Amino acid sequence: MQELLNLDQFRSAFRSGGLQSVTVRAQGGRFLVTAEPRTGQQVVLAKTHGGTHRSFRDPGKAITVLHRMGAHKVEVDTSDWSPEAAKADAPRRPDSAERQRRAHAAAEHDAWFRAEVEQALREADAPEAVWIPNEEVQRESELRIAEWRRQAAAQKQKVVA
């Protein structure tokens, strides 16, 4: 017979010395935290809400939880572990490949942009750099904008006609 204890109950039982041993035990593709109390009845770590077993996909996460409560000697039993079940139990994330592609593209663009800025700064700091007065740049910009507007208006008249 197993008794289910939530994390607070499990922690209290451990810290009061009521547990003789703690084990991270594989069950298919998941890992459960079990303990042998002094009363002899096995206890299992349960979810806080719902009263079901608290299972971990990664035994390292279970060991981290136990370590934080002070359990520094933990037995790990992988005799019932099934890598196939672990793969089947893994969450499906079809969007993760696309997300990774976007992240890599963003990182490449960021590296390219930073290199361009560095190059522009080197060129600007060079003694042979030629500086164009702001008034001249504004004048050229206004001429370009006027030309774009003229072309857009001409294109619009072609579409209407």
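The values are calculated or read from the model by the stated rules, or taken from the named source; none is laboratory data. Given the structure is predicted, the values throughout are model-derived calculations rather than measurements. In this analysis, Cβ positions are derived from the backbone assuming ideal geometry, glycine residues included, and neighbour counts consider all displayed protein chains.
For this structure, a couple of remarks:
- Residues in the range 38-68 that are buried (at least 17 other Cβ atoms within 10 Å of the Cβ) and within 17 Å of Gln20 (Cβ to Cβ): 4 in all.
- Look at the range 115-129: where a residue is free of Cβ contacts under 8 Å to residues at least 12 places away in the same chain and a partner is part of a helix (DSSP H, G or I), sitting 6+ places away or on another chain with Cβ atoms under 9 Å, you get Ala129/Glu123.
- The residues on offer are Gly70, Gly60, and the sole one that is at positive phi, assigned by TED's automatic domain parsing to the domain that holds Thr48 and not polar (S, T, N, Q) is Gly70.
- Within the range 126-133, the presence of a residue that is in a helix (DSSP H, G or I) and not assigned by TED's automatic domain parsing to the domain that holds Arg30 is excluded.
- Across the range 6-52, the number of residues qualifying as part of a strand (DSSP E or B), of a type outside the set (A, V, I, L, M, F, W, C) and within 17 Å of Val74 (Cβ to Cβ) comes to 10.
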